[in-house]
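A short write-up of the structure that comes next.
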Amino acid sequence: MAIMPAYRSGSLHAHHVSSPVLARAQIAISTGHEPCSDEAAMDLEPLVVRVKNEFLEMPGLCLTVPQAMRLWGLDFEDCQRVIEALIDVSFLQRTSHGKVVRTGG
């Protein structure tokens, strides 16, 4: 599995990581190292990379969670986990209307 580059645009949000799986995914995103040992965290990493690439390739992308679920073919739980992992490392943020956008975009 490829090591993903670190993309950090500032300090972490005050969101709390609610599981060891998300904690390892967050570490992988922020440090550029693969998550270790938990199979679910390793399953999350390719999704996080894919979603990050979508936002990099489409500047101005602004999605509701249901739109994101359809675009990426994810169920609600996985979509939320991926979005929260990218919010936790300040790559994504939620607008006041609950849409997801790239931080600083």
- prompt: Does the stretch 57-67 hold any residues that are within 16 Å of residue 87 (Cβ to Cβ), among the aliphatic types (A, V, I, L, M) and out of contact with any strand residue (DSSP E or B) (no Cβ under 6 Å at 6 or more places or on another chain), and which are they?
  reply: 61, 65
task: Hey, can you tell me all the residues within the stretch 46-67 that are charged (D, E, K, R) and crowded, with 18+ Cβ neighbours inside 10 Å?
output: 52
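I need the full set of residues from the stretch 31-70 which are farther than 25 Å from residue 104 by Cβ and either outside any helix (DSSP H, G or I) or modelled with pLDDT under 95 (or both), in order please. Show your work before the answer.
From the stretch 31-70, those farther than 25 Å from residue 104 by Cβ are 34-43, 70; that's our starting set.
Result: 34, 35, 36, 37, 38, 39, 40, 41, 42, 43.
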- request: Looking only at the stretch 71-84, count how many residues are in contact (Cβ under 8 Å) with a residue 24 or more places away in the chain and either within 17 Å of residue 95 (Cα to Cα) or assigned to a helix (DSSP H, G or I) (or both).
  value: 6
statement: Selection from the stretch 86-105 of residues more than 14 Å from residue 53 (Cα to Cα) and of a type in the set (A, V, I, L, M, F, W, C) yields 87, 89, 100
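Does residue 91 meet the test of being closer than 20 Å to residue 44 by Cα, exposed (fewer than 14 other Cβ atoms within 10 Å of the Cβ) and either of a type in the set (Phe, Trp, Tyr) or in contact with a His (Cβ under 8 Å, 6 or more places away or on another chain) (or both)? Working first, answer last.
On the way: closer than 20 Å to residue 44 by Cα: yes; exposed (fewer than 14 other Cβ atoms within 10 Å of the Cβ): no; either of a type in the set (Phe, Trp, Tyr) or in contact with a His (Cβ under 8 Å, 6 or more places away or on another chain) (or both): yes.
Spelling it out, it is not the case that residue 91 is closer than 20 Å to residue 44 by Cα, exposed (fewer than 14 other Cβ atoms within 10 Å of the Cβ) and either of a type in the set (Phe, Trp, Tyr) or in contact with a His (Cβ under 8 Å, 6 or more places away or on another chain) (or both).
The values are calculated or read from the model by the stated rules, or taken from the named source; none is laboratory data. Computed from a predicted model, the values in this text were never measured in an experiment. Reconstructed Cβ throughout: ideal geometry from the backbone, glycine too, with neighbour counts over all protein chains shown.
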